[in-house]
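K.L.:
What follows is a single structure, and I will ask about it in a moment.
The values are calculated or read from the model by the stated rules, or taken from the named source; none is laboratory data. Computed from a prediction, not measured in an experiment: that's the story for all the values here. Positions of Cβ are backbone-derived with ideal geometry, glycine not excepted, and every protein chain shown enters the neighbour counts. Note: accessible area is taken over every heavy atom of the protein model, side chains too, but ligands, DNA and RNA are not part of it. Shrake-Rupley method; radii C 1.70, N 1.55, O 1.52, S 1.80 Å.
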Amino acid sequence: WIKQLMGIVGVRLVQELRGISCLPLELCPPPRKSCCVSRSFGRPVDAISDLKEAVATYGARAAAKVRRDELKAGVVTVFITTNRFKPDEPQYANSAVVQLLQPANDTFTLVQASLRAVERLYRPRYQYKKAGVLLTELSPTALVQKELFSNPAQQERRGALMRTVDSLNQQFGAGTVFCAAEGVKKEWGMRSQRKSSCYTTRWQELLIVY
């Protein structure tokens with residue numbers, strides 16, 4: 001009954017509450033080696049403007065994740081693909097790698113790198129189904145070696161700006177503050193009409209038993 005209403009996550013939660021361990025305890029979790037954000041589009045995308053909006057959104061989300069873990073990325077990889085489940089349509093899949101001059105975790109640097117990759121990847125007359133941004137060569141923020149001609153004051157201002165953005169999005173909800181490159185309407189967004197309720201993270205969606 002629980003699995004039918006709340007899925008496997010709900011089953012694990014109930015078992016944990018009953019004292020049955022389902023998830024291993026990691027006192028010292030291993031450091032993250034990569035960070036990937038990818039989604040399928042809600043509708044086929046053929047315009048480069050929509051593709052850029054999607055990749056910019058994924059790049060911004062990936063940047064927020066590595067900042068949360070106090071990491072910086074040295075390499076940005078972007079991939080795009082058509083729908084392989086429609087073999088009757090023209091197929092295309094490719095990826096591009098952008099090596100950053102200096103490891104970074106601010107949204108502007110990572111989004112700009114992602115958009116440069118999209119311009120190299122995009123081919124017209126294709127119906128794209130999915131895209132993603134992968135950050136690799138992650139290193140702790142405190143251990144990143146600074147570039148010889150870097151501007152420490154500018155980097156500090158950029159870091160303060162990112163902390164403010166993260167604080168606002170955490171306080172008022174994800175997406176409260178975002179880059180203009182991410183778009184506003186996002187008509188390419190993934191459909192979520194049939195997604196499960198957030199039983200464990202939202203008060204409004206708690207399971208009610210009569």
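K.L.:
Taking L135, is it surrounded by 11 or more Cβ atoms within 10 Å (Cβ to Cβ) and either part of a helix (DSSP H, G or I) or at pLDDT below 85 (or both)?
P.N.:
no
K.L.:
Which of the residues belonging to the stretch 190-210 are open to solvent by 100 Å² or more (accessible area, probe 1.4 Å) and not aliphatic (A, V, I, L, M)?
P.N.:
R191, Q193, R194, K195, T201, R202, W203, Q204, Y210
K.L.:
Given the conditions (1) among the acidic types (D, E); (2) in contact with a strand residue (DSSP E or B) (Cβ under 7 Å, 6 or more places away or on another chain); (3) within 15 Å of V118 (Cα to Cα), report the number of the one that E70 does not fulfil.
P.N.:
For E70, the failing item is (3).
K.L.:
Return the residue satisfying two criteria in turn: it lies in the stretch 19-73 and is in contact (Cβ under 8 Å) with a residue 24 or more places away in the chain and of a type in the set (V, I, T), and of such residues it is nearest to P103 (Cα to Cα).
P.N.:
V66
K.L.:
Can you say whether E187 is of a type in the set (D, E), over 30 Å from V14 (Cβ atoms), part of a helix (DSSP H, G or I) and open to solvent by 60 Å² or more (accessible area, probe 1.4 Å), as far as the supplied structure shows?
P.N.:
Considered against the rule, which asks whether it is of a type in the set (D, E), over 30 Å from V14 (Cβ atoms), part of a helix (DSSP H, G or I) and open to solvent by 60 Å² or more (accessible area, probe 1.4 Å), E187 comes out as no.
Results for (1) within 13 Å of R67 (Cβ to Cβ); (2) at pLDDT below 85; (3) aliphatic (A, V, I, L, M); (4) part of a loop (DSSP other than H, G, I, E, B), shown as yes or no for each residue.
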residue	(1), (2), (3), (4)
A153	no, yes, yes, no
R158	yes, no, no, no
M162	yes, no, yes, no
L168	no, no, yes, no
G175	no, no, no, yes
F178	no, no, no, yes
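K.L.:
Quick one: in the stretch 21-41, of everything that is modelled with pLDDT of 90 or more and either farther than 30 Å from V118 by Cα or assigned to a strand (DSSP E or B) (or both), which residue is nearest to the chain's Cα centre (by Cα)?
P.N.:
Top of the filtered list is V37.
K.L.:
Of R67, R61, R120, which residue is outside any loop (DSSP other than H, G, I, E, B), surrounded by fewer than 16 Cβ atoms within 10 Å (Cβ to Cβ) and charged (D, E, K, R)?
P.N.:
R120
K.L.:
Check S150 against each of (1) out of contact with any Pro (no Cβ under 9 Å at 6 or more places or on another chain); (2) surrounded by 14 or more Cβ atoms within 10 Å (Cβ to Cβ) and name the one condition it does not meet.
P.N.:
Status for S150: all satisfied but (2).
K.L.:
Which pairs do you get when a residue that is charged (D, E, K, R), found in the stretch 160-188, comes within reach of a residue that is surrounded by 12 or more Cβ atoms within 10 Å (Cβ to Cβ), reach meaning Cβ atoms under 7 angstrom, with the pair 6+ apart or on two chains?
P.N.:
Here the result reads D166/A64; D166/R67; E182/E53; E182/A56; E182/T57; E182/A60; K186/E53, each pair linking the stretch 160-188 to a residue that is surrounded by 12 or more Cβ atoms within 10 Å (Cβ to Cβ).
K.L.:
Residues K52, K72, K86: which one is open to solvent by 40 Å² or more (accessible area, probe 1.4 Å), in a helix (DSSP H, G or I) and either under 21 Å from R163 (Cβ atoms) or of a type in the set (K, R) (or both)?
P.N.:
K52
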